[in-house]
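The values are calculated or read from the model by the stated rules, or taken from the named source; none is laboratory data. Model, not experiment: these values are computed from the prediction. Neighbour counts are summed over all protein chains in view; Cβ atoms, including those assigned to glycine, are modelled from backbone coordinates with ideal geometry. All accessible areas refer to the heavy atoms of the entire protein, side chains included, with ligands and DNA or RNA removed. Shrake-Rupley method; radii C 1.70, N 1.55, O 1.52, S 1.80 Å.
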Amino acid sequence: MAYHVTLIPGDGSGPEVIAAAKKVVEATGVDIQWEMAEAGAAMIEKFGTPLPDETIESIRKTGVALKGPITTPVGTGFRSVNVALRKTFDLYANVRPAKTYPGVITKFENIDLVIVRENTEDLYAGIERMVDEDTAESIKLFTRKGCERIIRYAFDFAVREGRKKVTAVHKANIMKCTDGMFLDIAREIAKKYPQIQFNDSIVDAMCMRLVMHPEDYDVLVCPNLYGDIVSDLCAGLVGGLGLTPSANIGVNGAIFEPIHGSAPDIAGQHKINPTAAILSASLMLAHLGEGSAAASIEKAIETVIAEGKILTVDMGGTASTEDFADAVIAAL
Ligand code: NAD
């Protein structure tokens, strides 16, 4: 039986990485019926919105989407499509693995950590206004339900994936209500998972430790904004944005996408690294229950990177996006 998956190419360099990821998924032999859907600034003229109803309906129907990055113009009335999708489908858990692949030049070896980022609350909810023309206000909203479900997700994830430790990331020393509640709930939930080690870390101190001793960390559970920032930091530790995938998991659906943006500076040049998008597709296959196809994609990427012959520019090579994807398919 075929799986139905919504495919959103995105804009900028998005269509290039999504075409590569689709080709690799198809090479695994898993039967997928893709439903093409659009989103982004280019849709405004046609549909009056960057996120057309057809796209929302498609995801509602399939429950799963593979998505390319979408440009969010800064300081305009344009609401982020990504934030809107997270809200519409209540995609509360943003899972971002960061792993070193032998062959990629990085300062550290053997990093294998996962950021579990809350995806719907915090300053990211965008509840802000101009109080007067010289004063801007933004509300940092945390709910007990929001904290509980992301922290529980992180512990369940740790158990399911055979991981050993969960670290709760916060700034509870200063933000005693919001981050304080997050930390209290994490401490309570941790007691129910005696098989998983638990500790907590203040976000600024943790950033310093992360760049000195990343091997100390395993699963990091973070409120939305810290998770956003820390996961880009971790992407840098393992070789850059081109290598880090993500899953957005919710009650009403799941959307898989690379963590990088639309990379407008290299769009159309066929030099964007599709690894993050291909690994996102691999997370999607695992979510669909196709664990062995997912693992074979990851292994193929490992092989191509370790061989070091066909690498994109950001990894120190000269290969095009398509050449890299073809090499992964050959290695499958
Ligand atoms: P970006 O990730 O697009 O690019 C930052 C830098 O990294 C650029 O120099 C880019 O060329 C490079 N880069 C990114 N991905 C790469 C890859 N796979 N291979 C090689 N190089 C890569 O970040 P940005 O420039 O801050 O954002 C561009 C746009 O993307 C903005 O409008 C932003 O809002 C949007 N964005 C979208 C998403 C999403 O849709 N999920 C995520 C982040 C940013």
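When a/c reaches 1.5 or more, the comparison of a/b and b/c decides; with that in mind, is segment 78-211 rounded, prolate or oblate per its Cα gyration tensor?
Cα axes put segment 78-211 in the prolate bin.
Per residue, the chain exposes an accessible area of 44 Å² to a 1.4 Å probe, with every protein chain left in place. At full extension, Arg79 and His213 could sit 44.5 nm farther apart than now, given 0.36 nm per residue minus the alpha carbon distance. Rounded to the nearest whole Hz, the Karplus-based 3J(HN,Hα) values (6.51 cos²θ - 1.76 cosθ + 1.60, θ = phi - 60°) of segment 211-228 follow the sequence 7, 9, 9, x, 5, 6, 10, 10, 10, 10, 9, 10, x, 3, 5, 4, x, 4, with x at glycine and proline.
Its relative contact order, with pairs defined as Cα atoms under 8 Å and 6+ residues apart, puts segment 79-231 at 28 percent. The figure for Arg187 is an accessible area of roughly 110 square angstrom, using a 1.4 Å probe on the protein chains alone.
Rounded to the nearest 20, the size of the Cβ-charge dipole of the chain about its Cα centre is 960 debye, with Lys and Arg at +1 and Asp and Glu at -1. Each Lys and Arg contributes +1 and each Asp and Glu -1, all at the Cβ; summed about the Cα centre of segment 173-311, the dipole is approximately 120 debye. Shape analysis of segment 206-249 places it in the oblate category; the axes a ≥ b ≥ c from the Cα gyration tensor give an a/c of at least 1.5, with a/b not above b/c. Across the options Val81, Gly29, Met1, the greatest Cα extent toward the positive end of the charge dipole of segment 1-121 (unit charges at beta carbon of Lys, Arg, Asp, Glu) belongs to Val81.
Placing a pseudo-label 7 Å from each Cα along the Cα-to-Cβ vector at Lys309 and Ile127 gives an inter-label distance of 5.7 nm.
Rounded if a/c is under 1.5, else prolate if a/b beats b/c, else oblate: with a ≥ b ≥ c from the C-alpha gyration tensor eigenvalues square-rooted, which is segment 191-287? Could the numbers behind the result be given before it?
Numbers: a/c = 2.27, a/b = 1.41, b/c = 1.61.
Judged from the Cα gyration tensor, segment 191-287 comes out oblate (a/c at least 1.5, b/c at or above a/b).
Note on Lys61 and Leu233: the extension gain reaches 58.4 nm, defined as 0.36 nm multiplied by sequence separation minus the Cα-Cα distance. A simple spin-label model places the labels of Cys177 and Phe47 3.7 nm from each other, with each point 7 Å out along Cα-to-Cβ. Only protein heavy atoms count here; under a 1.4 Å probe, Glu161 has an accessible surface of about 100 Å². Using just the helices of the chain, give the 222 nm mean residue ellipticity in deg cm²/dmol: DSSP H runs with n ≥ 4 each add -39,500 (n - 2.57), and the total is spread over all residues, rounded to 500. After summing the helix terms and dividing by the residues of the chain, the value is -12500 deg cm²/dmol. For segment 70-147, applying the loop criterion from DSSP together with a ceiling of 15 other beta carbons within 10 Å to the chymotrypsin sites (Phe, Trp or Tyr not before Pro) yields Phe78, Phe108.
Modelled label positions at Glu188 and Val159, each set 7 Å beyond Cα in the direction of Cβ, lie 1.8 nm from each other. With the charge dipole of the chain set up from +1 on Lys and Arg Cβ and -1 on Asp and Glu Cβ about the Cα centre, the Cα lying farthest toward the positive end among the listed residues Pro69, Cys177, Ala286 is that of Cys177. Other residues lying with their Cβ under 12 Å from the Cβ of Leu233 contribute a combined charge of -1, Lys and Arg counting +1, Asp and Glu -1.
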